[in-house]
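The values are calculated or read from the model by the stated rules, or taken from the named source; none is laboratory data. Owing to the predicted nature of the structure, the values given are computational and were not obtained by experimental measurement. So basically every Cβ, Gly included, is an ideal-geometry build from the backbone, and we count neighbours across all protein chains shown. Side chains included, ligands, DNA and RNA excluded: accessible areas come from the protein's heavy atoms. Shrake-Rupley method; radii C 1.70, N 1.55, O 1.52, S 1.80 Å.
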Amino acid sequence: MSKLDKSKLLEVLENIGALMELKKENPFKIRAYLNAVRSLEQFQGSLDDAVKNKELLSIKDIGKGIAEKIEEFFSSGHIKYYDELKDSIPPGVFEMLAIEGLGPKKIHVLYEKLRIKTLGELEHACRENRLVSIEGFGEKTQENILKGIKYHMSYSDRFHVSTALEEAEKLMAELKKKAGKKINRMEIAGSLRRRKEIVGDIDFVAGSSQSEPVMDAFSSLSQVDEVIAKGPTKTSVKLKSGINADIRIVPDQKYPYALHHFTGSKEHNTAMRALSKSKGLKMNEYGLFKGDKNISCKDEKEIFSKLGLSFIPPELREDRGEIELAAAGKIPALIEEKDIKGVIHVHTIASDGKASLDDMAAFAKRKGYSYLGIGDHSKSAHYAGGLEEKRVKEQWEQIDALNKKLTGFVVFKGIESDILPDGSLDYDENILRDFDFIVAAIHSKFKMSKDEMTKRIIKAVKNPYTTMIGHLTGRLLLSRTGYEVDVEKILKALAGENKAIELNANPHRLDLDWRYCKMAKELGVPVSINPDAHDMEGVKDIKYGVGIARKGWLEKKDILNVKSAGEIKKFFDNIKRQ
Ligand code: DGT
Ligand code: CA
Ligand code: CA
């Protein structure tokens with residue numbers, strides 16, 4: 001290495017200090033590294049010369065050990081000691097060091113108190129309001145850490161559907177304000193329109209005869225950070241949030257074909273092209289052709305119908321049998337957000353939520369729902385303010401009092417009970433029996449074999465007081481893969497007990513995975529679309545759950561919380577009675 005990258009060297013030395021602190025090494029040695037960094041920052045001379053002339057030791061605060069490491073860095077671009085330090089701690093912990101406002105001391109505390117080892121787990125803990133109760137932290141720190149994580153994640157190339165959808169809707173609204181008159185129609189396309197749980201970018205398709213001013217307006221929207229490419233038919237931008245957004249503009253008569261093409265998926269498109277071919281037609285992003293002649297279609301529905309198909313909702317376009325279904329006229333009438341009658345599984349300030357019981361109920365009622373099922377954490381979840389028996393009973397009294405006040409709205413007594421390592425629930429029978437419903441879920445001991453984990457969950461399924469299993473795999477999208485379970489065995493066990501499965505609608509979970517929804521449907525296991533909300537706004541996550549349920553071919557009849565308050569109460573009570 002000929003020229004020394006000073007800023008890289010300083011970063012490495014600073015990281016060495018931080019890693020040593022994480023490992024609780026000798027404070028004097030740690031201080032030596034930090035002092036060296038400070039001194040090198042001030043050093044005006046040439047470090048290259050200092051290394052070559054063996055003059056490092058004459059720089060303030062550079063001792064023999066550190067000088068050797070700088071020389072090593074100079075000659076090889078690495079410091080072995082640093083690599084070893086890095087290897088000796090979990091990679092997630094190292095990643096956390098990159099978050100502004102998070103130093104080794106705080107990271108250590110987070111591990112001690114909450115067992116947080118990865119950035120994803122940290123983000124999750126912040127969102128579930130877990131940091132506020134830890135000494136030395138607080139609401140402000142929690143907020144800042146969350147901001148830091150967001151900033152860090154904006155360098156990623158995969159995004160949660162929620163992040164992308166929020167951004168896309170803002171872009172559309174702003175663009176319509178600026179250039180709405182010049183746009184005939186416009187929609188979100190790509191994986192976001194298909195409601196994939198994770199998306200790579202945002203795609204738009206617009207029909208317009210004035211692409212130039214629309215492209216100008218699009219590339220100057222306030223969310224845009226950088227214009228990557230700009231042309232008359234396609235413009236790509238990078239947003240400040242880190243996501244890329246593409247827009248394609250076509251003349252209005254070509255809009256349906258472009259929208260279909262850019263909605264994808266690629267696999268669906270390939271299957272559609274094959275079908276067209278078998279009918280003597282040709283299909284691409286520009287049209288549907290018989291020979292050279294375009295078959296005119298005013299919208300997507302007409303394209304499908306010209307091919308003998310009923311309309312295929314975008315969520316289904318994954319080439320998983322949707323084309324055959326459409327050919328037979330058997331596309332299911334997918335669940336819609338308006339079908340959902342009540343909100344199951346929300347947290348309150350009693351455990352790790354941010355809003356009171358009364359506020360959560362008022363919010364749900366205001367949103368047009370007719371019931372709310374409380375699901376605070378059970379007593380073993382200390383880190384989340386889990387409820388001891390006494391506090392359960394206090395909450396029941398509060399719920400009774402609230403129910404007396406409310407009209408046309410019911411609050412159900414529920415709990416998100418930990419499934420303990422042996423598969424039992426978290427309270428004695430004399431408490432369990434008085435809940436209206438119980439969401440049983442795993443929150444500890446993730447590292448069991450698939451077989452053991454499956455047995456553990458099935459034991460919870462068979463507990464007479466369990467109503468449904470919550471977030472089946474415990475995954476955190478983009479940050480933690482779930483524990484392995486035999487989904488089919490668990491769904492079969494639920495079917496045998498007439499119990500339900502949760503589709504956790506939190507956009508970081510979306511667990512039950514959509515790829516398994518059809519299995520639940522076929523086995524007759526009702527799916528409960530639960531927001532797992534930790535504040536009032538969190539209730540709105542139900543829409544992401546509905547997107548996933550649609551993607552999994554689910555209809556109204558397959559969903560539990562489309563029932564009225566009276567009907568769902570019967571469902572709960574039948575379970576307890578059987
Ligand atoms: P993403 O962005 O990775 O989450 O996934 P998509 O599906 O949004 O993919 P993207 O943005 O690359 O392209 C949008 C759609 O355009 C894609 O779903 C199908 C269509 N498309 C893009 N490239 C091709 C291609 O090479 N062949 C075919 N058949 N379709 C394509
Ligand atoms: Ca895309
Ligand atoms: Ca794209």
query: When you go through Ile490, Ile542 one by one, which is the residue that is closer than 27 Å to Gly353 by Cα and among the β-branched types (Val, Ile, Thr)?
result: Ile542
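Step by step: first the residues of the stretch 99-110, then only those that are in contact with a helix residue (DSSP H, G or I) (Cβ under 9 Å, 6 or more places away or on another chain) and surrounded by 16 or more Cβ atoms within 10 Å (Cβ to Cβ), then the one that is nearest to His377 (Cα to Cα). Which residue is that?
Keep residues of the stretch 99-110 that are in contact with a helix residue (DSSP H, G or I) (Cβ under 9 Å, 6 or more places away or on another chain), which gives 99-108, 110.
Okay, now just the ones that are also surrounded by 16 or more Cβ atoms within 10 Å (Cβ to Cβ), so 99, 102, 104, 106-107, 110.
Working: Ile99: 29, Leu102: 27, Pro104: 29, Lys106: 25, Ile107: 24, Leu110: 20 Å.
Ranking the qualifying residues of the stretch 99-110, first place goes to Leu110.
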- prompt: Out of (1) over 22 Å from Gly321 (Cα atoms); (2) part of a helix (DSSP H, G or I); (3) more than 16 Å from ligand 2 (Cβ to nearest atom); (4) of a type in the set (A, V, I, L, M), the odd one out for Ala258 is which?
  reply: (3)
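For the stretch 169-189, does any single residue satisfy the condition of being under 18 Å from Lys266 (Cβ atoms) and within 16 Å of ligand 2 (Cβ to nearest atom)?
Residues of the stretch 169-189 under 18 Å from Lys266 (Cβ atoms): 188-189.
Next cut, within 16 Å of ligand 2 (Cβ to nearest atom) only: 188-189.
Looking through the stretch 169-189, at least one residue is under 18 Å from Lys266 (Cβ atoms) and within 16 Å of ligand 2 (Cβ to nearest atom).
If only one of Ser133, Ser222, Ser154, Ser162 is of a type in the set (Ser, Thr, Tyr) and either touching a strand residue (DSSP E or B) at 6+ places or on another chain (Cβ under 8 Å) or within 16 Å of ligand 2 (Cβ to nearest atom) (or both), which one is it? Lay out the reasoning, then the answer.
Working: Ser133 fails: either touching a strand residue (DSSP E or B) at 6+ places or on another chain (Cβ under 8 Å) or within 16 Å of ligand 2 (Cβ to nearest atom) (or both); Ser222 fails: either touching a strand residue (DSSP E or B) at 6+ places or on another chain (Cβ under 8 Å) or within 16 Å of ligand 2 (Cβ to nearest atom) (or both); Ser154 fails: either touching a strand residue (DSSP E or B) at 6+ places or on another chain (Cβ under 8 Å) or within 16 Å of ligand 2 (Cβ to nearest atom) (or both).
The match here is Ser162.
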- line: Note on Ser305: of the conditions (1) open to solvent by less than 80 Å² (accessible area, probe 1.4 Å); (2) hydroxyl-bearing (Ser, Thr, Tyr); (3) within 14 Å of ligand 1 (Cβ to nearest atom), unmet is (3)
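Please state which one of Val525, Val461 is open to solvent by less than 10 Å² (accessible area, probe 1.4 Å), farther than 26 Å from Arg130 by Cα and either of a type in the set (Asp, Glu) or in a loop (DSSP other than H, G, I, E, B) (or both). Break it down stepwise before answering.
Values: Val461 fails: either of a type in the set (Asp, Glu) or in a loop (DSSP other than H, G, I, E, B) (or both).
The conditions single out Val525.
If the requirement is being out of contact with any Lys or Arg (no Cβ under 8 Å at 6 or more places or on another chain) and within 23 Å of Phe446 (Cα to Cα), which of these qualifies: Ile349, Ile415, Ile419, Ile340?
Working: Ile349 fails: within 23 Å of Phe446 (Cα to Cα); Ile419 fails: out of contact with any Lys or Arg (no Cβ under 8 Å at 6 or more places or on another chain); Ile340 fails: within 23 Å of Phe446 (Cα to Cα).
Checking each option against the conditions leaves just Ile415.
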message: Testing Lys266 on (1) away from ligand 2 (no atom under 11 Å from the Cβ); (2) in the same structural domain as Glu322 (by TED's automatic domain parsing); (3) open to solvent by 50 Å² or more (accessible area, probe 1.4 Å), one condition comes back false. Which one is that?
response: (1)
- request: Could you check, for the stretch 495-503, whether at least one of its residues is part of a strand (DSSP E or B), within 15 Å of the chain's Cα centre (by Cα) and in the same structural domain as Pro421 (by TED's automatic domain parsing)?
  value: yes
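Condition check ((1) of a type outside the set (Val, Ile, Thr); (2) open to solvent by 20 Å² or more (accessible area, probe 1.4 Å); (3) in the same structural domain as Asp359 (by TED's automatic domain parsing); (4) touching a Leu at 6+ places or on another chain (Cβ under 8 Å)) across all residues:
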position	(1), (2), (3), (4)
Asp535	yes, yes, yes, no
Lys540	yes, yes, yes, no
Gly545	yes, no, yes, yes
Arg550	yes, yes, yes, yes
Glu555	yes, yes, yes, yes
Lys563	yes, yes, yes, no
Glu567	yes, yes, yes, no
Phe572	yes, no, yes, no
Residue count, the stretch 121-157 (criterion: surrounded by fewer than 16 Cβ atoms within 10 Å (Cβ to Cβ) and of a type in the set (D, E, K, R)): 7
task: For the stretch 60-82, name all the residues that are among the charged types (D, E, K, R) and part of a helix (DSSP H, G or I).
output: Lys64, Glu68, Lys69, Glu71, Glu72, Lys80
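Answer with yes or no whether Val51 is in a helix (DSSP H, G or I) and under 30 Å from Gly148 (Cα atoms). Write out each step before concluding.
Numbers: in a helix (DSSP H, G or I): yes; under 30 Å from Gly148 (Cα atoms): no.
Considered against the rule, which asks whether it is in a helix (DSSP H, G or I) and under 30 Å from Gly148 (Cα atoms), Val51 comes out as no.
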query: Restricting the stretch 476-492 to residues that are without any contact (Cβ under 8 Å) to a residue 40 or more places away in the chain and in contact with a Ser or Thr (Cβ under 9 Å, 6 or more places away or on another chain), which is surrounded by the most Cβ atoms within 10 Å (Cβ to Cβ)?
result: Val485
query: Which of the residues belonging to the stretch 308-320 are surrounded by fewer than 20 Cβ atoms within 10 Å (Cβ to Cβ) and of a type in the set (Lys, Arg)?
result: Arg320
Only listed residue being within 14 Å of ligand 2 (Cβ to nearest atom) and within 27 Å of His124 (Cβ to Cβ), chosen from Gly138, Gly148, Gly200: Gly200
- request: Scan the stretch 39-49 and give yes if some residue there is open to solvent by less than 80 Å² (accessible area, probe 1.4 Å), in contact with an Asp or Glu (Cβ under 9 Å, 6 or more places away or on another chain), of a type in the set (A, V, I, L, M) and at pLDDT below 95, otherwise no.
  value: yes
- request: Could you tell me which of the residues Thr473, Thr454, Thr467 is among the β-branched types (Val, Ile, Thr) and open to solvent by 20 Å² or more (accessible area, probe 1.4 Å)?
  value: Thr473
field: Residue identified as farther than 23 Å from His443 by Cβ, crowded, with 16+ Cβ neighbours inside 10 Å and modelled with pLDDT of 90 or more among Ile116, Ile70
entry: Ile70
statement: Of the conditions (1) of a type outside the set (A, V, I, L, M, F, W, C); (2) surrounded by fewer than 20 Cβ atoms within 10 Å (Cβ to Cβ); (3) within 16 Å of ligand 3 (Cβ to nearest atom), the single one that Gln253 does not satisfy is (3)
task: Please specify each residue of the stretch 436-451 satisfying the condition of being open to solvent by less than 30 Å² (accessible area, probe 1.4 Å) and of a type in the set (D, E, K, R).
output: Asp436
field: Complete set of residues in the stretch 16-43 that are part of a helix (DSSP H, G or I) and hydrophobic (A, V, I, L, M, F, W, C)
entry: Ile16, Ala18, Leu19, Met20, Leu22, Phe28, Ile30, Ala32, Leu34, Ala36, Val37, Leu40
- prompt: Looking at this structure, is Asn506 polar (S, T, N, Q) and either assigned to a strand (DSSP E or B) or surrounded by 24 or more Cβ atoms within 10 Å (Cβ to Cβ) (or both)?
  reply: yes
